[in-house]
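The values are calculated or read from the model by the stated rules, or taken from the named source; none is laboratory data. All figures in this text were calculated on a predicted structure; none of them were measured in a lab. Here the Cβ positions follow ideal geometry from the backbone for every residue, glycine too, while neighbour counts run over all protein chains shown. Surface accessibility is based on the protein's heavy atoms, side chains included, excluding ligands, DNA and RNA. Shrake-Rupley method; radii C 1.70, N 1.55, O 1.52, S 1.80 Å.
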Amino acid sequence: MKKITLLFLYWSVSHALFAQNRLTLNADLGRDTISHNIYGHFAEHLGRCIYGGFYVGEGNITIPNRNGVRTDIIEALKKLKVGNLRWPGGCFADTYHWKDGIGPKDKRPSMKNVWWGGVTEDNSFGTHDFLNLCEAIGAEPYLAGNVGSGTVKELSDWVEYTNQDSGSPMTELRKANGREKPWNVKIWGVGNEAWGCGGNMKPEYYANIYRQYATFMTDWGNSAKLYRVASGASDDDYNWTEVLMRDIPHKMLEGVALHHYSVIDWSKKGPATSFSEDQYFKTMKTALDMEEFVTRHSTIMDKYDPKKKVALVVDEWGGWYDVEPGTNPGFLFQQNTMRDAMIAGTTLNIFHNHCDRVRMANLAQTVNVLQAVILTEGEKMLLTPTYHVLEMYNVHQDALQLPIDLVVNNYTFGTEKLPAVSASASRDKAGKIHISLVNIDPARAQEVSVSLRGATSKGVSGRILTSPKVQDYNSFDQPNRIKPVDFKGATLNGDMLKVTLPPVSVVVLEL
Ligand code: AHR
């Protein structure tokens with residue numbers, strides 16, 4: 001009797017430990033497209049993102065540049081396929097007066113960057129520099145207008161300056177500043193975090209202000225219809241979304257924003273590299289909260305907009321930790337480890353799986369700030385693990401999302417648990433199927449059995465990003481320590497695929 005109980009116990013434990021994760025890919029049920037704009041980035045006048053990051057100045061003879069923008073960054077971002085680039089903030093946007101950033105650089109007025117370190121902003125990087133940068137990397141510009149301390153006229157002038165062909169004071173000014181043809185900027189933010197740094201407004205008040213600003217932001221008769229994004233909620237502020245969807249006529253609203261950072265505790269964020277497993281677990285818990293936020297904000301939007309015309313735009317997301325020791329606390333400079341790769345992989349899977357409503361997103365921020373894809377130090381430049389995840393995942397851009405059913409093991413820490421495996425899938429225009437898988441468990445490999453429903457495949461290939469420890473990162477001494485390599489852990493047998501994901505790994509498979 002005792003023997004049987006022991007045997008049963010052994011069976012139960014081993015079954016629990018080695019139970020397979022099961023993924024069913026419904027290849028015949030695709031309906032929605034994963035917009036390339038989910039792969040948007042964010043460049044704020046904050047710390048060393050613009051100055052000392054993107055922009056090293058036209059006169060710089062030590063760092064190769066195109067009109068002052070680093071050529072190595074341009075090349076890296078071209079490869080990344082940046083859907084859109086948001087600028088100039090963030091909180092900075094609601095203090096920014098765009099006319100200070102045009103015309104001869106030596107005549108531009110300076111200002112104090114009150115939000116970020118109190119440094120002097122000399123306005124040497126302005127509208128022309130940013131829009132030309134977007135052209136150079138092939139990204140759509142996303143301009144965030146100043147609602148908090150600006151005027152309706154200032155924002156409508158900006159639209160006219162960038163988008164109207166000719167025949168107005170703003171277009172003449174643009175031409176006098178050296179740009180003949182308009183850039184036709186489509187995506188515009190109407191303020192930023194209006195509930196906080198953008199004016200501490202109540203949602204009803206902001207909804208009214210939005211209506212006023214949006215009325216005077218027109219497409220000035222050219223073909224680029226404006227895509228206006230209302231300043232959205234933070235995390236679980238569902239009332240904000242409810243009021244905006246209720247009070248703003250949808251004919252003047254193309255997107256509603258949402259901001260969510262993966263932060264353990266705003267007063268005790270913890271280090272970016274030497275974090276404990278407890279801190280890792282908590283970060284991943286907040287990262288995975290994105291699933292609930294996106295689902296519940298979407299449900300509210302569905303109530304007012306069942307045809308899903310208005311997009312949910314997650315225009316700030318990413319990990320946020322303590323700044324690197326010895327750096328300016330107002331510059332938000334942090335290293336980027338495999339933890340960030342886990343945040344990137346799982347968050348993008350969430351966006352893919354909600355692509356019917358989430359049609360735009362912006363990782364914060366591109367260079368040297370928060371969850372950056374690129375870090376620079378003088379002439380040196382490196383690509384972070386987050387960069388590599390976004391590059392591996394860009395095969396999903398503008399592909400048909402394929403619904404999946406997923407049953408997974410847990411990653412347990414103490415008495416708490418999180419799903420160990422995250423996934424999403426799509427079929428591109430050439431018919432290739434891509435499956436992205438993430439194993440966030442720092443200690444245990446996960447075997448996933450994938451059943452291909454509605455598709456046949458002759459073979460599988462893939463790439464993996466992994467490293468022995470979740471705290472590992474690329475440094476200026478070892479810039480290529482973590483990079484994607486070929487993946488050999490998948491075998492195909494008929495319509496069944498077996499995949500072994502090492503601990504802390506991101507895998508993209510191609511069928
Ligand atoms: O990304 C840093 C800051 O975080 C942005 O400026 C602001 O919008 C948010 O609070």
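Just a few scattered comments:
- Which of 459, 446, 71, positive extreme of dipole for the chain (C-beta unit charges): 459
- Taking the Cα centre of region 166-305 as reference, the dipole from Cβ charges on Lys and Arg (+1) and Asp and Glu (-1) amounts to some 720 debye.
- Each of the peptides 205-211, 363-369 was scored by the mean count of other Cβ atoms within 10 Å over its residues; in descending order, highest first, they stand as 363-369, 205-211.
- Annotation: peptides 104-110, 284-290, 20-26, ranked by per-residue average of other Cβ atoms within 10 Å with the highest first, follow the order 284-290, 20-26, 104-110.
- Residue 115 - accessible surface, heavy atoms, 1.4 Å probe, Å² rounded to 10: 110 Å²
- Among the protein heavy atoms of region 242-318, carbon and sulfur supply 52% of the accessible surface, probe 1.4 Å, non-protein parts ignored.
- Altogether, the Stokes-Einstein calculation at 25 °C and 0.890 mPa s, with the Kirkwood radius of the chain over Cα pairs as Rh, returns a diffusion coefficient of 103 µm²/s.
- Selected from 351, 217, 164, residue furthest toward positive end of dipole (the chain; charges at beta carbon): 351
- Amide H contacts of residue 262 (H built 1.01 Å from N, under 5 Å, at least 5 apart or other chain): 318, 319, 320
- With DNA, RNA and ligands ignored, accessible area of residue 156 (1.4 Å probe; Å², nearest 10): 20 Å²
- Electrostatic dipole magnitude of region 302-347 [Cβ: Lys, Arg +1; Asp, Glu -1; Cα centre; debye, to 20]: 360 debye
- The distance from the alpha carbon centre of region 62-86 to that of region 286-336 is 24 Å, rounded to a whole number.
- When you restrict to C-alpha pairs under 8 Å that are six or more residues apart and normalise by the size of region 163-313, the relative contact order lands at 22 percent.
- Of 105/175; 81/181; 186/303; 81/469; 307/432; 78/175, pairs whose Cα-Cα distance is over 18 Å: 81/181; 186/303; 81/469; 307/432; 78/175
- Ranking 268, 99 by solvent-accessible area of protein heavy atoms (1.4 Å probe, all protein chains present), from largest to smallest, gives 268, 99.
- Average Cα contact separation per residue, region 326-435, under 8 Å, 6 or more apart, as relative contact order %: 23 percent
- Relative to the Cα centre, the charge distribution of the chain, modelled as +1 at Lys and Arg Cβ and -1 at Asp and Glu Cβ, gives a dipole magnitude of about 1080 debye.
- Relative contact order (%) - criterion: Cα under 8 Å, at least six apart; region: region 33-398: 21 percent
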